[in-house]
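The block underneath contains the structure these notes are about, expressed in structure tokens.
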Amino acid sequence: MERALVVGHTGGIGAALAAALAARGVAVTGLSRAQGVDVTDEATVAAALGALEPGYDLVFVATGALEIAGRGPEKTLRALDPASLAAQFALNATGPLLVLKHALRLMPRDRACHFAALSARVGSIGDNALGGWYSYRAAKAALNQLIRTASVEVARTHPKACVLALHPGTVDTRLTASHRGTHPAVTSAEAAENLLAVLQGQGPAETGRFVDAKGLMIPW
């Protein structure tokens with residue numbers, strides 16, 4: 001039986017991913033704050049993942065936030081706050097990489113496996129024509145670079161692995177509700193199905209990519 005680890009499985013896309021995987025007969029392990037896992041606190045990540053046995057075909061990090069401690073995306077430089085910027089990096093960039101750091105030993109070396117983290121199109125530097133959202137954009141751009149960099153190292157020890165940053169599209173969640181305006185959105189369940197379909201088409205040759213919910217590469 002295939003095994004999957006979903007970090008951030010209790011709401012939104014994470015919960016939908018866990019449900020969709022289970023419906024496919026995949027044995028799902030879920031970790032989140034409910035189990036004492038805070039991706040901004042490496043000790044909790046190390047403890048939780050250190051207690052698991054190797055053999056996970058998929059490790060998916062579905063954590064992240066657009067608003068932290070009540071502070072939403074900045075529209076101007078005047079709104080920039082160093083503490084909020086640091087918090088965005090800790091949760092949206094450093095957190096997923098900490099999971100990969102401690103999950104790598106759980107991933108098989110002798111067969112295909114995937115590591116994926118939720119990113120966002122607004123983290124694309126090349127696609128940024130609107131400006132604003134300084135902290136969130138920068139944190140997701142940093143995540144993309146971290147994923148790209150890690151994929152090079154992972155390929156040396158896990159040649160059949162695929163490490164990806166995935167953009168799920170605009171999803172109808174509490175995270176996006178007050179910011180998406182009239183932009184069309186999909187449900188968490190639809191986003192999960194789309195992402196799993198994308199993963200099926202990504203292998204070692206595609207490792208290190210930043211991909212959308214249709215499987216298309218997004219400019220860095």
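Listing for the model above:
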read-out	value
Karplus-derived HN-Hα couplings along the stretch 107-115 (A = 6.51, B = -1.76, C = 1.60, θ = phi - 60°), whole Hz, x at Gly and Pro	8, x, 8, 9, 8, 4, 7, 10, 10
Fewest-first ranking of 115, 210, using other Cβ atoms within 10 Å as the exposure measure	210, 115
For residue 114, residues with placed amide H under 5 Å, excluding near neighbours	58, 59, 162
All lysines inside 23 Å of residue 160 as judged from Cα atoms, apart from same-chain residues fewer than 8 positions distant	101, 214
Choice from 128, 144, 194 showing the highest fluctuation, given a GNM over the chain with Cα pairs closer than 10 Å	128
Hz values of 3J(HN,Hα) by residue in the stretch 215-220 - Karplus curve (6.51, -1.76, 1.60), Gly and Pro given as x	x, 8, 5, 9, x, 5
Cα long-axis angle, helix 12-23 against the chain (0 to 90 degrees, to the nearest 10)	20 degrees
Percent RCO, i.e. relative contact order, over the chain, from Cα pairs under 8 Å lying at least 6 residues apart	21 percent
Whole-Hz couplings from phi, Karplus 6.51/-1.76/1.60, listed for the stretch 196-209; x for Gly and Pro	5, 5, 5, 4, 4, x, 10, x, x, 5, 9, 4, x, 8
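No lab work stands behind these numbers, since they all come straight from the coordinates. Fair warning: this is a prediction, and the values are worked out from it, not measured in the lab. For neighbour counting, all protein chains shown are included, and Cβ atoms are generated from backbone atoms with ideal geometry for every residue, glycine included.
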